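These notes are about the structure you will find just below.
The values are calculated or read from the model by the stated rules, or taken from the named source; none is laboratory data. Only a predicted model underlies this, so the values are computations on that prediction, with no experimental measurement involved. Note that we place each Cβ from the backbone using ideal geometry, even for glycine, and neighbour counts take in every protein chain shown. Ligands, DNA and RNA are excluded from the accessible area calculation, which covers all protein heavy atoms including side chains. Shrake-Rupley method; radii C 1.70, N 1.55, O 1.52, S 1.80 Å.
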Amino acid sequence: MGEITLVRHGQANSAATTEAEYDRLSDLGHKQAAWLGAWMREHDRPYDVVLSGTLRRQRETIAGLGYADAPSDPRLNEIAYYDLTHEMKAKHGTERTSPDDFVTHFPATLTAWRAGEIGGAEYYDDFRQRVRDVMAMAAQPGKRVLCVSSGGIIAQAISDVLGLDIPQMSRVALPILNTSVHRIQVTDHGPLLTCYNSAPHLDTAARADQRTFY
């Protein structure tokens, strides 16, 4: 059997209002990545394949894990969510005013995106298909594949395994921690979710305040 390990990037610029502003790790994000890399070297088994998306925050995270020269794959890039939220505000008058709004705003935005009411940088169906394609590529029998990506990609990949629709997907996405670990086992009978939102490198009292979502 093979195994896909999905890691979300470290904390990015949570004060951003655009995609470009968001796309860099904070000082804490760099620490989170380094802590996870140290934990993996001490506790995890080696990976046969390591890759990340092309976004800066993803590349900085994979470098922090110790794989600065790993190849990149744009199919692991995050949804251009800021672009979608700007369209939601322009066309529907709805906007996020705090991180807590994500639980209602995210499914509403994705539903409007799927319906073609807002456009974004790609069609919703193309986004979902690229996630399926990169997961199919990573599902290599007998090999361990590490993919550093983002919350939306991870939530979609898990939702495809579990057969979840957008409202349930949003509840998968909301709690995903920065530098959290998710594992999908590759079997002859299809993929099995074996680990969700693990953060062993942050599971100490000293680092309890270093667990972040945004």
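Overview of values
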| quantity | calculated |
| --- | --- |
| Residue in segment 54-77 that is farthest from PHE127 (Cα to Cα), counting only those that are open to solvent by 70 Å² or more (accessible area, probe 1.4 Å) and basic (Lys, Arg) | ARG56 |
| Helices (runs of 4 or more DSSP H) contained entirely in segment 1-75, each with at least 2 residues that are touching a Phe, Trp or Tyr at 6+ places or on another chain (Cβ under 7 Å) and in contact (Cβ under 8 Å) with a residue 12 or more places away in the chain | 19-22 |
| Segment 178-192 - residue that is in contact with a strand residue (DSSP E or B) (Cβ under 6 Å, 6 or more places away or on another chain) and open to solvent by 10 Å² or more (accessible area, probe 1.4 Å) and, of those, nearest to PHE213 (Cα to Cα) | ARG183 |
| Selection status of ARG128, basic (Lys, Arg), touching a residue at least 24 places away in the same chain (Cβ under 8 Å), touching a strand residue (DSSP E or B) at 6+ places or on another chain (Cβ under 8 Å) and surrounded by fewer than 21 Cβ atoms within 10 Å (Cβ to Cβ) | no |
| Candidate set: segment 1-13, residues that are of a type in the set (S, T, N, Q) and open to solvent by 30 Å² or more (accessible area, probe 1.4 Å); chosen: the one nearest to ALA80 (Cα to Cα) | ASN13 |
| Subset of segment 194-214 (residues that are touching a Leu at 6+ places or on another chain (Cβ under 7 Å), open to solvent by 60 Å² or more (accessible area, probe 1.4 Å) and either modelled with pLDDT under 95 or in a strand (DSSP E or B) (or both)) | PHE213 |
| Test for GLN168: is it without any contact (Cβ under 8 Å) to a residue 12 or more places away in the chain, within 17 Å of the chain's Cα centre (by Cα), surrounded by 14 or more Cβ atoms within 10 Å (Cβ to Cβ) and not in a strand (DSSP E or B) | yes |
| Some residue of segment 151-158 being closer than 16 Å to ASP73 by Cβ, touching a His at 6+ places or on another chain (Cβ under 7 Å) and in a loop (DSSP other than H, G, I, E, B) | no |
| Among (1) open to solvent by less than 20 Å² (accessible area, probe 1.4 Å); (2) of a type outside the set (S, T, N, Q); (3) part of a helix (DSSP H, G or I) - the single one VAL148 does not satisfy | (3) |
| Test for ARG130: is it under 19 Å from GLU78 (Cβ atoms), of a type in the set (D, E, K, R), assigned to a helix (DSSP H, G or I) and at pLDDT below 95 | no |
| Positions within segment 14-53 being touching a Ser or Thr at 6+ places or on another chain (Cβ under 8 Å), open to solvent by 40 Å² or more (accessible area, probe 1.4 Å) and not polar (S, T, N, Q), in sequence order | TRP35 |
